[in-house]
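Trainee: Below is the structure I would like to discuss, written out as structure tokens.
The values are calculated or read from the model by the stated rules, or taken from the named source; none is laboratory data. Just so it is clear, the structure is predicted and the values come from calculations on it, not from any experiment. A quick note on method: Cβ atoms are made from the backbone with ideal geometry, for glycine too, and the neighbour counts reach across all protein chains shown.
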Amino acid sequence: MTLTQTLASSITELNQQAMALYSADEFVAALSTVMPVIERDESVLDDATIHAMADALNIAGASSCRLGEPDDAERYWRRCLRMMPRYAEVYESLGALLKARGRLSAAKAIYRQLIVLQPGHADAHNQLGTVLYAQGYHEDAEVSYRRALALRPDHAEAHYNHGVVLHALQRPHEAEAAYRETLVRLPAHAEAHNNLGNVLMDLGRVAQADAAYREALTIRPQYPEALNNLAGALKAARRLMEAELACRLALTMRPDYAEAHVNLGATLTDLQRLPEAEAAYRKAIALRADYAEAYYNLGITLFKLERLTEAAAAYREAVRLRPGIAPAHNNLGCVLRLLDRLPEAVECFEQALCVHPDLAEAHYNLGATLAQLKRLPEAESAYRRALDLRGDYGDARFGLATLLLGMGRFEEGWRLYECRYQQAGFVHRHTAQRLSCPQWQGDALSGRSLLVWQEDGLGDMLQFSRYFALLKAQGAAHIAFACAPALHRLMARVDGVDAVLDHDTAAARASAYDCWTSLLSAPLHLRTTVDTIPRPVRLAAEPSLVERWRTVLDALPPGRRIGLVWKGNAKHHNDANRSIPSLATLAPLWSVAGVSFVSLQKGQGEDEARNPSAAQPLLHVGSMVTDLADSAAIIGQLDLVICVDTSIAHLAASLGKPCWVMLPEKDVDWRWMHERSDSPWYPHTLRLFRRERGEEWAVAVERVTQACVARFGVLS
């Protein structure tokens, strides 16, 4: 035996002693045993001794790693590979060390070298996949996992990792299959059950996701992630109290679990416990100051709490932290629109569309905002794009309908306006469900009975009552009008109306009619254009009512009489804009000489008119009025009506009485069209006074006052 053979045998014997110590977790002793060996100069050794010395370096690396000395471990393993470049086991160990230390590029290089040495090494492909996934190279990682599984179809970890990357690649059906393959081999793999639940949630299979999360929790009861995910499934199933409990259990296990605080906040929001939801989101933010989703959800809750400025701040923080959250840009735009910061809102919607060009909601909101800014062609394009993306988008269809009607493009506008019968939040949808006869679709009416159903406001019924005579002219044998009591006496005298009913009676008799319709569908079926708008119905007050109200009005001094209405129905969606805040805003009118004023105000605003001051010459009759027939008898004895956009405008104009309507700055109703000071619906009786953008009501009132002076006299 040669000297070098003796040395190789000696090192091998030491290595065996060191391995025994290592196996017994005696890592310090194992390292000490091989230290004399690895301190030798390998340049003078033969191959057998170098091989033994490489084994010693591998043991030293493994021991150092277990002793928490990763730098030493890396140094020993790299020296080992310099001595024996084909030492596969060391590549595995060094790759794992580098990956654990976050040195992903170095780990990737090591695994690639291992694969060159051993192309059939399934786990090397699997480990390379984990490194590529961690670096964000998801497609490449997926290829590595597939190679691992081609080499070893029973590789459970590779199936699991494959599921993770497939889910990230938004290939949920394949991810589901990968997780199920994992569970065939490792049925107690809690993470696989949990992740399978996440995939099933994405696929909309909520009940199956619930079962997967519960299986994960059966295997590992102390599993806050699975509890939090279960809460999401329960929330999706509208089992909100159980969802809240699951979130709170997750937080009991891990109080600093920011995601669970957000999930709890979302559940509490659905439970309408908004202050608690806000607290949950703020707790998540306290735990993770850069948590963009928490700020986004906080914005939603603050919006629901009508704290718009704070909601805007929350959304701004969300998009600062993560500019790619398109719904946050969109929601910020919605808040800014409500705050009347329309140009900024447009910027937000456009930013949302830069991030997500196919976000239909952002196109719709952009259209609505551009319409407010009177950028009508751009608004039309935005609405149409929203509908291109989502053909059943009711809000966009209705927005486009009203935009086109306001632009005088009636042919398409009336057709689109029928979408109100598909809108879940509209009363119109319930009409068809309530009435047992078919809805009229414009077919022949000759000899048929027709039920006309009021489902819109009093003003709408007055404006479109001109169509009763036209429907009768189509050959309808009998037309009944189901409407609010306030219309009964007045509508009974309208040409074309054979009977006036309340809604309950009409619904009970609906099966006796051949069909039903709304007055606002008549322009579609009768093909009304701007040039063919029928003349207004000519309403007439009952003589007995005229006499009754004359005695009341005779209390006024001689001179002109002007009726006033400064507020509409408080339940109207745009009442905050269309109603004048206070009767005092109309004070400039009191200075017009030779004029007396009559308050027709009913409902909100009545109290202001009951006790007029000496400086406010006003006869209040609104409280004494029982219905629109009374109002008609009063208006018939006035010289002019000045009002906001409410039913009295349609009543006065239909009585042939001059009427001046003060329109709001925002969200002007489509029927008044754009820019006009007159109306094709009432061409000879109605005059419009529009508030300009940024203009106060007082400015519009001053214009009305000057018009009164020009019509009736001078200032007193």
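Trainee: Could you check segment 514-589 for helices (runs of 4 or more DSSP H) lying wholly inside it with 3 or more residues that are closer than 25 Å to L490 by Cβ and charged (D, E, K, R)?
Mentor: Answer list for segment 514-589: 543-553.
Trainee: Which one of the conditions (1) among the small types (G, A, S); (2) touching a helix residue (DSSP H, G or I) at 6+ places or on another chain (Cβ under 8 Å); (3) surrounded by fewer than 20 Cβ atoms within 10 Å (Cβ to Cβ) does A148 fail to meet, given that it meets all the rest?
Mentor: So A148 meets the others, but not (3).
Trainee: Filter segment 671-685 for residues that are within 22 Å of D340 (Cβ to Cβ) and at pLDDT below 95; which is nearest to the chain's Cα centre (by Cα)?
Mentor: H674
Trainee: Out of the residues in segment 118-145 that are small (G, A, S) and either under 43 Å from the mean Cα position of the chain (by Cα) or outside the structural domain of N198 (by TED's automatic domain parsing) (or both), state the one that is surrounded by the fewest Cβ atoms within 10 Å (Cβ to Cβ).
Mentor: G136
Trainee: Ok, one more. Can you list residue pairs whose Cβ atoms sit under 6 Å apart, with the first residue in segment 47-66 being assigned by TED's automatic domain parsing to the domain that holds M84 and the second being basic (K, R) and outside any helix (DSSP H, G or I)? Count only pairs 6 or more apart in sequence or on different chains.
Mentor: none
Trainee: Out of A314, A286, A326, A260, I need the residue that is crowded, with 23+ Cβ neighbours inside 10 Å, over 22 Å from R214 (Cα atoms) and small (G, A, S). Which one?
Mentor: A314
Trainee: Can you list the helices (runs of 4 or more DSSP H) lying wholly within segment 11-90 that have 1 or more residues being under 21 Å from Q113 (Cβ atoms)?
Mentor: In segment 11-90, 47-66, 70-83 are the helices (runs of 4 or more DSSP H) which contain 1 or more residues that are under 21 Å from Q113 (Cβ atoms).
Trainee: Hey, another quick one. Looking at G457, G406, which one is touching a His at 6+ places or on another chain (Cβ under 8 Å), closer than 24 Å to S679 by Cβ and not assigned by TED's automatic domain parsing to the domain that holds V500?
Mentor: G406 is the lone residue from the list that is touching a His at 6+ places or on another chain (Cβ under 8 Å), closer than 24 Å to S679 by Cβ and not assigned by TED's automatic domain parsing to the domain that holds V500.
For (1) assigned by TED's automatic domain parsing to the domain that holds L462; (2) in a loop (DSSP other than H, G, I, E, B); (3) of a type in the set (A, V, I, L, M, F, W, C), each residue gets a yes or a no:
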position	(1), (2), (3)
I642	no, no, yes
I648	no, no, yes
A653	no, no, yes
G656	no, yes, no
M662	no, no, yes
H674	no, yes, no
R687	no, no, no
R693	no, yes, no
A700	no, no, yes
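Trainee: Inside segment 97-114, can you point out the residues that are without any contact (Cβ under 8 Å) to a residue 24 or more places away in the chain and either touching a Phe, Trp or Tyr at 6+ places or on another chain (Cβ under 8 Å) or buried (at least 18 other Cβ atoms within 10 Å of the Cβ) (or both)?
Mentor: Answer for segment 97-114, where residues must be without any contact (Cβ under 8 Å) to a residue 24 or more places away in the chain and either touching a Phe, Trp or Tyr at 6+ places or on another chain (Cβ under 8 Å) or buried (at least 18 other Cβ atoms within 10 Å of the Cβ) (or both): I110, Y111, Q113.
For (1) out of contact with any strand residue (DSSP E or B) (no Cβ under 8 Å at 6 or more places or on another chain); (2) at pLDDT 95 or above; (3) under 18 Å from S654 (Cβ atoms); (4) not charged (D, E, K, R), each residue gets a yes or a no:
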position: A576; (1), (2), (3), (4): yes, no, no, yes
position: A584; (1), (2), (3), (4): yes, no, no, yes
position: W590; (1), (2), (3), (4): no, no, no, yes
position: E608; (1), (2), (3), (4): yes, no, no, no
position: P612; (1), (2), (3), (4): no, no, no, yes
position: L619; (1), (2), (3), (4): no, no, no, yes
position: M624; (1), (2), (3), (4): yes, no, no, yes
position: I642; (1), (2), (3), (4): no, yes, yes, yes
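Conditions (1) of a type in the set (A, V, I, L, M, F, W, C); (2) surrounded by fewer than 16 Cβ atoms within 10 Å (Cβ to Cβ); (3) in a helix (DSSP H, G or I); (4) out of contact with any Lys or Arg (no Cβ under 8 Å at 6 or more places or on another chain), marked per residue:
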position: F468; (1), (2), (3), (4): yes, no, yes, yes
position: L471; (1), (2), (3), (4): yes, no, yes, yes
position: I479; (1), (2), (3), (4): yes, no, no, no
position: A486; (1), (2), (3), (4): yes, no, yes, yes
position: R489; (1), (2), (3), (4): no, no, yes, yes
position: V494; (1), (2), (3), (4): yes, no, no, yes
position: D504; (1), (2), (3), (4): no, yes, yes, yes
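Trainee: Taking segment 469-495, which residues are more than 21 Å from S647 (Cα to Cα) and free of Cβ contacts under 8 Å to residues at least 60 places away in the same chain?
Mentor: Listed by number, the residues that qualify are L471, K472, A473, Q474, G475, A476, A477, H478, I479, A480.
Trainee: Out of E306, E293, which single residue is without any contact (Cβ under 8 Å) to a residue 60 or more places away in the chain and touching a helix residue (DSSP H, G or I) at 6+ places or on another chain (Cβ under 8 Å)?
Mentor: Exactly one residue qualifies, and that residue is E293.
Trainee: Next question, about the same structure. Based on what the data block shows, is D575 among the acidic types (D, E) and either surrounded by 16 or more Cβ atoms within 10 Å (Cβ to Cβ) or in the same structural domain as V494 (by TED's automatic domain parsing) (or both)?
Mentor: yes
Trainee: Of all the residues that make up segment 380-403, how many are crowded, with 19+ Cβ neighbours inside 10 Å and not in a helix (DSSP H, G or I)?
Mentor: Total meeting the criteria: 1.
Trainee: Scan segment 311-365 for residues that are without any contact (Cβ under 8 Å) to a residue 12 or more places away in the chain and part of a loop (DSSP other than H, G, I, E, B) and jot them down.
Mentor: R341, P357 - these are the residues of segment 311-365 that are without any contact (Cβ under 8 Å) to a residue 12 or more places away in the chain and part of a loop (DSSP other than H, G, I, E, B).
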